[in-house]
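What follows is one structure encoded as structure tokens, with my remarks underneath.
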Amino acid sequence: MTTSAASFSQDELKALVGQAALAYVVPGEIVGVGTGSTVNKFIDALATIKDQIPGAVSSSVASTERLKALGINVLDANEVASLSVYIDGADEIDGRGYMVKGGGAALTREKIVAALAERFVCIADASKRVEVLGDFPLPVEVIPMAAAQIANHFKAMGGRAEIRMKDGAPLVTDNGQHILDVRGLKIAEPLAFESEVNQWPGVVTVGVFAHQKASVCLLGTPEGVQTLNY
Ligand code: 5RP
């Protein structure tokens, strides 16, 4: 199903899907909130209905700061037994709702909050829709002392892993760890791939979201918001 018709910039598409995601927020219930530029649009939209929800569980320090600045209550994930919905962006999403995430380095907390939720609503512009995952460099959060060992595992799979840098030093995540970005992979079997990589010693989280895949994707296209159900 596609709603509305016009030509939009990428920023407008993000705003459009951020606004459309409000329809999935359940009044009276806590909402799970992801991280990234698309989610920032959702947070801005959420502020307009903040009186209808008790608060949010956030997946990053950056989202927590934005939520609080807009007057939205933020709860610790440990205070919440379950969530009806988690709303987040993606770096890639395939035709089955499997995703690559972690371009914003928040993948571990994103997966933790997603695992609390009954439904994952992915909000993304059409550039994120792919046939096979792997063109976007796969983010993997790792414990620093295991980085070289994990990079070697990826090399054996045909991938090239590099530590993500920021200001001339390895980027440090909200969890105090590092990120490997892996190029050259084609992830045809996301469920098996996620399970395998996650059991390598030193992997905190791999950025394949197959076990926590999207239930719905609100895809911003030049024709408007397309709703994809999985
Ligand atoms: C952050 C993420 C984001 O959801 C992903 O990188 C998409 O971000 P954006 O909406 O800015 O394109 O996984 O870790």
All positions within the range 25-63 that are near the ligand (Cβ under 9 Å from one of its atoms), open to solvent by less than 10 Å² (accessible area, probe 1.4 Å) and outside any helix (DSSP H, G or I): GLY34, SER59, SER60
Residue within the range 147-165 that is within 14 Å of the ligand (Cβ to nearest atom) and closer than 16 Å to ILE187 by Cα present: no
Residues of the range 63-100 that turn out to be in contact (Cβ under 8 Å) with a residue 40 or more places away in the chain and at positive phi, as a count: 1
Tabulated pairs, the range 101-129, first outside the structural domain of ASP181 (by the TED database) and of a type in the set (Phe, Trp, Tyr), second more than 10 Å from the ligand (Cβ to nearest atom) and at pLDDT 95 or above, C-beta under 6 angstrom, 6+ apart or interchain: PHE120/TYR86; PHE120/ALA114; PHE120/ALA214; PHE120/SER215
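Here's a check for you: in the range 101-128, which residue that is among the basic types (Lys, Arg) and closer than 11 Å to SER59 by Cβ is nearest to the ligand (Cβ to nearest atom)? Quick ask: steps written out before the conclusion?
Pass one, the range 101-128, residues among the basic types (Lys, Arg): 101, 109, 111, 119, 128.
Still in the list and also closer than 11 Å to SER59 by Cβ: 101, 109, 111.
Values: LYS101: 3, ARG109: 9, LYS111: 10 Å.
The qualifying residue nearest to the ligand (Cβ to nearest atom) is LYS101.
Just give me the residues in the range 4-15 being surrounded by fewer than 23 Cβ atoms within 10 Å (Cβ to Cβ) and within 12 Å of the ligand (Cβ to nearest atom), in sequence order. Explain how you work it out, then say what you get.
Taking the range 4-15 first, the residues surrounded by fewer than 23 Cβ atoms within 10 Å (Cβ to Cβ) are 4-12, 15.
Within the range 4-15, GLN10, ASP11, ALA15 meet the criteria.
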Index of the failed condition, GLY18 passing every other in (1) within 11 Å of the ligand (Cβ to nearest atom); (2) part of a strand (DSSP E or B): (2)
Conditions (1) among the hydrophobic types (A, V, I, L, M, F, W, C); (2) part of a helix (DSSP H, G or I); (3) closer than 20 Å to ALA115 by Cα; (4) more than 13 Å from the ligand (Cβ to nearest atom): number failed by ALA81: (2)
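Every residue, every condition in (1) touching a Phe, Trp or Tyr at 6+ places or on another chain (Cβ under 9 Å); (2) of a type outside the set (Phe, Trp, Tyr); (3) more than 22 Å from SER63 (Cα to Cα); (4) not assigned by the TED database to the domain that holds ASP94, yes or no:
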site: PRO144; (1), (2), (3), (4): no, yes, yes, yes
site: ALA151; (1), (2), (3), (4): no, yes, yes, yes
site: PHE154; (1), (2), (3), (4): no, no, yes, yes
site: GLY158; (1), (2), (3), (4): no, yes, yes, yes
site: ALA161; (1), (2), (3), (4): yes, yes, yes, yes
site: MET165; (1), (2), (3), (4): no, yes, no, yes
site: THR173; (1), (2), (3), (4): no, yes, no, yes
site: GLN177; (1), (2), (3), (4): no, yes, no, yes
site: ALA188; (1), (2), (3), (4): no, yes, yes, yes
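Going by what's in this entry, would LEU67 be described as aliphatic (A, V, I, L, M), away from the ligand (no atom under 13 Å from the Cβ), open to solvent by less than 60 Å² (accessible area, probe 1.4 Å) and under 16 Å from CYS122 (Cα atoms)?
Values: aliphatic (A, V, I, L, M): yes; away from the ligand (no atom under 13 Å from the Cβ): yes; open to solvent by less than 60 Å² (accessible area, probe 1.4 Å): yes; under 16 Å from CYS122 (Cα atoms): no.
Against the criterion (aliphatic (A, V, I, L, M), away from the ligand (no atom under 13 Å from the Cβ), open to solvent by less than 60 Å² (accessible area, probe 1.4 Å) and under 16 Å from CYS122 (Cα atoms)), LEU67 does not qualify.
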Filtered residue count, the range 195-230, keeping only those that are over 25 Å from VAL61 (Cα atoms) and of a type in the set (D, E, K, R): 2
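The values are calculated or read from the model by the stated rules, or taken from the named source; none is laboratory data. Remember, predicted model here, so these are calculated numbers, not experimental data. Glycine gets a Cβ as well: all are built from the backbone with ideal geometry, and neighbour counts include every protein chain shown. All accessible areas refer to the heavy atoms of the entire protein, side chains included, with ligands and DNA or RNA removed. Shrake-Rupley method; radii C 1.70, N 1.55, O 1.52, S 1.80 Å.
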